[in-house]
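One structure below.
Just so it is clear, none of the values below were taken in a lab; they were calculated from the coordinates. Just so it is clear, the model here is predicted, and its values are computed rather than measured. So basically every Cβ, Gly included, is an ideal-geometry build from the backbone, and we count neighbours across all protein chains shown.
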Amino acid sequence: MTPLAPADLDDAYTRLCHTMTQLGEVQATIFLARLAVLALARADGADAARRLIDDAASDLAPADNAAQ
Amino acid sequence: MQTEFAPYPFTTIHHAATVPRTGAGDVPPRHPVVIVGAGPVGYCSALGLASHGVPVVLIEADDSVCFGSRAICISRRSLEIVERLGALQSFLRIGLPWTGGRSFYRDTEVLHFTMPTDENQKLPPMINLAQYSIEQSLLDAVEARPDLIDMRWQTRVVAIEARDDGARLRLATPSGEYLLDADWLVAADGGRSFVRDALGLKLQGTSYEGRYVIVDILLDSARPTERLAYFDPPCNPGSTVLVHKQPSNVWRIDYQLRDDEDPDAAIEPANVMPRVESLLAMMGETAAWKPIWMGIYKANALTLERYRHGRVLFAGDAAHLVPIFGVRGANSGIDDADNLAWKLAFVVQGLASERLLDSYSDERVAAAHENLRHGTKSTEFMAPPSFAFDLMRRAVLGLAVAHPEVRSLINPRQTSAITYADSSLNAALDASAAVAAGPVPGGVLFECPLTIVNADSVREGHLTDLLGPRFTVLHFVSTVENARQSLDVAGGDGIERVPLRIVRIAPGAPRDAASVDAWDHSGRLFPMYDAAPGTVYLVRPDGHVLARWKDADAATVAAAIGHALGADDSRKTA
């Protein structure tokens, strides 16, 4: 997969923000979840998909009641 | 407790009101150009017109240059313009040059950006200079032209009557009112333009809710000059803070208010002082400091639809308000003035049709839209307008630590020179397409060192040194003198009176230095412009390329100038 050029990433980012604004805060989580599923489905192989998930979670602390 | 403020390290000169002697009779004195507003844009407009020999009256309601924290960054493009206006030395002597900046998320650096700069440049990409110094430097240049610039302090426009052939102004001074007629009126009277309101015109676009507090402080620190941005810093969680070093130990701090904060209370010194104190502690700045000035800012992204309304021309904040993030306010205004000055001068002097002034509006409205597009993106990051922008910003900042591929989203998108790609003035686009490198029609010159031959000396300089208040024909020639070195554009049909200079540039030192005007001693200029002997770049007085040819004759170049100036229809109406 070729990474997006900075200007294209910038435009995509802005579009995403505007779309999420229009959908409203209540639907933001499901919107981002759907976006994540589509991104995973289009990932370049299983390793790439796993890396996306791990990278997105990497510096977020697990919840206190998270199952081990 | 009373907060002790320090004064700005700047001596403000207060100017007496200027009231002209009124002439006899009922007819008000008439002037070719009157400029309303002596800010950076008014001064640059006046200096630009004067450089073309056009007399102007410059009107200012106040009695001094501005006070407080306003524009603070001047771009390389603006410095190029200021150089042509004769004020560069003062800008460079006082200003602090810088090339980049750092952004932090919480306590981690997530971006270190640099602005484009290389060995070909003459000027720094940016300098920090407070607006009062910007204005004073320009005012010094204005005061050196009393023959052409009639500066009138403490003179306020109280009424305007727009007419087909100009405008009649009623002006108020401390010692009474008088009338003045102008063939052309330049409205450079700022964001709350009286002229704009008087003509019933409205800015259109978006106003943002997010507010920033702006504080200037006096602090002695050896920290280098760079743009510092702190997102969600430990000293002020949830906020965004910008820090810029100014000359003479002034530091400009901008910090974002939370949506639930009362803006009036927020600029109370009692609320500002602890925030600044905790910021400085976080930065490791331990020296004593004092506040100088405090204010509040709300981002706007607004413009008039057109900048020419008959005989009234709008420039700078009177024409458009762009967000501060990306430093496009004063810089775009200076660009307006530079674009307007030569066109208005040519029209006043009968060298061009009035249509040339429509191209001022077209080009600068297009530039404003580009500035607003970038400024809006910067604002959406710096002052997120919705929960979505806020959430996504947290995501980007958190990921940027480990993922360089997202760091470009944090880049502050600083102002850069704008290309008038769709300008109706651009000529010979087919011929331009055959030139494989160099600035396209509508673009500004790429800077490059070269050796310049003057009447009595040879010196190393830069390409932009060759520009002046005229068209410049960059004629790339051979080192060996031959008949093709000559390009007699000046005699072109219909452009006999147009000020123009032909500059012959050779690829290397010729045997007889006097046979050329410059040569490419670095060997970088010719390839940068895809130039060969015979190549021509036609450059407007504002440094934008009008046309370029791999090979051109004098008649072709003259026709391009004639096209831009509307020579045909000016003759029809003459």
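Taking R0 as 45 Å, what's the FRET efficiency between residue A:56 and residue B:421 from their Cβ-Cβ distance, rounded to 0.05?
Numbers: r = 39 Å, r/R0 = 0.87.
With a Förster radius of 45 Å, E is 0.70.
What is the sum of charges, Lys and Arg at +1 and Asp and Glu at -1, for the other residues whose Cβ falls under 10 Å from the Cβ of residue B:161?
On the way: positive: B:163, B:168, B:170; negative: B:181.
Result for the local shell: +2.
Using a Debye calculation, one point per C-alpha and no hydration shell, please list log10 I(q)/I(0) for segment B:283-427 at q = 0.17, 0.18, 0.21 Å⁻¹ in order.
Here the Debye-derived log intensity ratios amount to -0.98, -1.04, -1.23.
Would you mind telling me the antiparallel percentage of the DSSP bridges in segment B:429-573, rounded to 5? Display every interim value, and only then the final one.
On the way: 16 of 24 bridges.
Around 65 percent antiparallel, to the nearest 5.
Around residue B:386, under 12 Å between beta carbons, what's the net of Lys plus Arg minus Asp minus Glu among the other residues? Working shown, then result.
On the way: positive: B:393; negative: A:25, B:209, B:259, B:380, B:390.
That sum, taken over residues with Cβ under 12 Å, equals -4.
Within 10 Å of each Cβ of A:12-23, how many other protein chain Cβ atoms are there on average? Before the final figure, lay out each step's value.
Numbers: counts 1, 11, 8, 0, 3, 12, 5, 1, 6, 7, 2, 1.
The per-residue average across the peptide is 5.
So for chain B, if I pair up every lysine 8 or more residues apart or on another chain, how many of those pairs have alpha-carbons under 29 Å apart?
13
Please give the helix B:554-565 orientation as an angle from the longest Cα principal axis of chain B, in degrees from 0 to 90, rounded to the nearest 10.
With rounding to tens, the tilt is 50 degrees.
Taking neighbour counts of Cβ atoms within 10 Å as a proxy for exposure, in what order, fewest first, do B:77, B:145, A:42 appear? Walk me through the numbers before you get to the answer.
Details: B:77 21, B:145 18, A:42 10.
Arranged by neighbour count, lowest to highest, B:77, B:145, A:42 become A:42, B:145, B:77.
So for each of B:265-271, B:424-430, A:29-35 I average, over its residues, the number of other beta carbons within 10 Å; can you give me the resulting order with the highest mean first? All intermediate terms of the calculation are to be shown ahead of the outcome.
Details: B:265-271: 14.0, B:424-430: 17.7, A:29-35: 12.4.
Result, highest mean first: B:424-430, B:265-271, A:29-35.
Which three numbers, in whole Å and largest first, are the semi-axes of the equivalent ellipsoid of the protein assembly as shown derived from its Cα gyration tensor as √(5λ)?
Numbers: eigenvalues 388, 228, 115 Å².
Ellipsoid semi-axes (Å, largest first): 44, 34, 24.
Full-extension gain between residue B:282 and residue B:259, please, as 0.36 nm times their residue separation minus the C-alpha to C-alpha distance. Each step should come with its number before you reach the end.
Working: separation 23, 0.36 × 23 = 8.28 nm, distance 2.37 nm.
Between residue B:282 and residue B:259, full extension yields 5.9 nm more.
Roughly what % of DSSP beta bridges within chain B run antiparallel, to the nearest 5? Don't jump to the answer; show the numbers that get you there.
Numbers: 75 of 105 bridges.
Given both bridge residues lie in chain B, the antiparallel proportion sits at roughly 70 percent.
Alpha carbon centre of segment B:427-462 versus segment A:13-58: separation in Å?
48
Across the residues of B:384-394, average count of Cβ atoms on other protein chains within 10 Å?
Details: counts 2, 3, 7, 6, 13, 7, 1, 5, 8, 2, 0.
Partner Cβ neighbours, averaged per residue: 5.
How much length is gained if the chain between residue B:16 and residue B:488 is pulled fully straight, taking 0.36 nm per residue apart and subtracting their Cα-Cα distance, in nm to one decimal? Please list the in-between numbers first.
Values: separation 472, 0.36 × 472 = 169.92 nm, distance 5.03 nm.
The span from residue B:16 to residue B:488 would gain 164.9 nm if fully extended.
Indicate, rounded to the nearest 5 percent, the antiparallel portion of the DSSP beta bridges found entirely in the protein assembly as shown.
Details: 75 of 105 bridges.
Restricted to the protein assembly as shown, the bridges split so that about 70 percent are antiparallel.
Give the peptides B:12-18, B:189-195 in descending order of average Cβ contacts within 10 Å, highest first. Provide the component values of the computation, followed by the final result.
Values: B:12-18: 12.3, B:189-195: 19.9.
Descending packing order for the listed peptides: B:189-195, B:12-18.
Mind listing the long-range amide H neighbours of residue B:31? Cut-off is under 5 Å, sequence gap 5 or more, other chains count too, H placed in the peptide plane at 1.01 Å from N.
For residue B:31, the qualifying residues are B:181, B:182, B:183.
Net charge near residue A:55, counting Lys/Arg +1 and Asp/Glu -1 over other residues with Cβ under 15 Å of its Cβ?
Values: positive: A:50, A:51, B:407; negative: A:44, A:47, A:54, A:59, B:405.
Net of charged neighbours comes to -2.
Per residue of B:397-410, how many C-beta atoms from partner chains lie within 10 Å of its own C-beta, taken as a mean?
Numbers: counts 0, 4, 4, 0, 2, 3, 3, 0, 4, 4, 1, 7, 6, 0.
The per-residue average across the peptide is 3.
In whole Å, how far is the Cα centre of segment B:282-341 from that of segment B:171-185?
27
With each run of n ≥ 4 DSSP H residues scored as -39500 (n - 2.57), what mean residue ellipticity at 222 nm is computed for chain B after dividing by its residue count and rounding to the nearest 500 deg cm²/dmol? Write down the numbers at each step before the final one.
On the way: 14 runs with 155 residues, N = 574.
Rounded to the nearest 500, the figure is -8000 deg cm²/dmol.
Nearest 10 degrees is fine. How inclined is helix B:355-382 to the longest principal axis of chain B, computing both from alpha carbons?
Helix B:355-382 sits at roughly 30 degrees to that axis.
Quote to one decimal, in nm, the extra length available between residue B:355 and residue B:120 on full extension: 0.36 nm per residue of separation minus the C-alpha distance between them.
Values: separation 235, 0.36 × 235 = 84.60 nm, distance 3.63 nm.
The span from residue B:355 to residue B:120 would gain 81.0 nm if fully extended.
Please list, ordered by chain and number, the residues whose modelled amide H lies under 5 Å from the amide H of residue B:535; skip anything fewer than 5 residues away on the same chain.
B:476
Within segment B:111-176, report the GluC sites (Glu not before Pro) that DSSP leaves as loop and that have at most 15 other Cβ atoms within 10 Å. Walk me through the numbers before you get to the answer.
Numbers: sites: B:119, B:135, B:143, B:161; in loops: B:119.
Of the GluC sites (Glu not before Pro), the ones in loops of segment B:111-176 whose Cβ has at most 15 other Cβ atoms within 10 Å are B:119.
Can you give the Kirkwood hydrodynamic radius of segment B:198-282 from its Cα pairs, in Å with one decimal? Write down the numbers at each step before the final one.
Values: mean 1/r = 0.0689 Å⁻¹.
When all Cα pairs of segment B:198-282 are included, the Kirkwood radius is 14.5 Å.
What list of ³J(HN,Hα) couplings, whole Hz, do you get for segment B:257-265 from phi and the Karplus terms 6.51, -1.76, 1.60, once you set θ to phi - 60° and write x for glycine and proline?
So the J values, rounded to whole Hz, are 8, 6, 4, 8, 8, 7, x, 5, 5.
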